[in-house]
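Everything below concerns the one structure shown next.
The values are calculated or read from the model by the stated rules, or taken from the named source; none is laboratory data. Computed from a predicted structure; not experimentally measured. Virtual Cβ from ideal backbone geometry, glycine too; neighbours counted across all protein chains shown.
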Amino acid sequence: MSAVGVLGGAFDPPHVGHLELAREGMRVFGLGRLLVRVVADPGHKDVTTGADVRLELARLAFGDDAGVEVSLDPYGRTVDSLAALALDDPVFLVGADEFAAFLDWKDPEGVLDRARLGVATRPGVGRSAIAEVLAALSRPERVMLFPIEPLPVSSSAIRGLVAGGRQIDGLVPPKVAAAIERLGLYRDG
């Protein structure tokens, strides 16, 4: 039986960086399934769009990828979500920028009890920040680093572009761009 991965986030909106993280994580760790969890009420950041809309956008973004299952995550914190999923040693995929703040998460050691972390490294997040977090963990061997193609994109930048009336082609999957246009999202930035 192949490993299961988990990728959680606000996905406000999902973009090509999320897809790269998911696809490369599945390849590197040989994941047969990836659970993409759209956090209904993220405990760590504000969202501008309702959970139902973000869920629809994530389904459009990831819908064509084999082995990917998109669902709503009612838990605002990763440790609670992983506890509820009760998977057998999944790989929780996260970007290096998020991992740099891992010690500020709710119960980081509890997260490592419930999942291995697959941390996608890219230019811009220094190895020293990653090393500091690893040094503070009781089980740093549960954290595995893997490189991904650097894609200079963020959900907040995409929202800003849309609010400014600018194009987002190439930053989000075409189906997501079409839905943002159709639903009139992010216009009042």
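Here are some notes:
- Any hit, segment 119-128, residues being under 14 Å from the mean Cα position of the chain (by Cα) and basic (Lys, Arg): no
- The single residue among 55, 93, 34, 60 that is farther than 23 Å from residue 122 by Cα, in contact with a helix residue (DSSP H, G or I) (Cβ under 9 Å, 6 or more places away or on another chain) and not charged (D, E, K, R) turns out to be 60.
- Of all residues in segment 140-163 being of a type in the set (A, V, I, L, M) and outside any loop (DSSP other than H, G, I, E, B), the one that is farthest from residue 91 (Cα to Cα): 163
- Scan of segment 53-93 for residues that are surrounded by 15 or more Cβ atoms within 10 Å (Cβ to Cβ), part of a strand (DSSP E or B) and either at pLDDT below 95 or of a type in the set (D, E, K, R) (or both), ordered by number: 73
For (1) in contact with a helix residue (DSSP H, G or I) (Cβ under 7 Å, 6 or more places away or on another chain); (2) surrounded by fewer than 17 Cβ atoms within 10 Å (Cβ to Cβ), each residue gets a yes or a no:
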position	(1), (2)
111	yes, no
118	yes, no
122	yes, no
132	no, yes
140	yes, yes
149	yes, yes
157	no, yes
162	yes, no
166	no, yes
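- Pairs, first free of Cβ contacts under 8 Å to residues at least 12 places away in the same chain in segment 60-72, second in a loop (DSSP other than H, G, I, E, B) and of a type outside the set (Lys, Arg), C-beta under 9 Å, six or more apart: 64/173
- Selection count, segment 116-156, where residues are among the small types (Gly, Ala, Ser), out of contact with any strand residue (DSSP E or B) (no Cβ under 8 Å at 6 or more places or on another chain) and touching a residue at least 12 places away in the same chain (Cβ under 8 Å): 6
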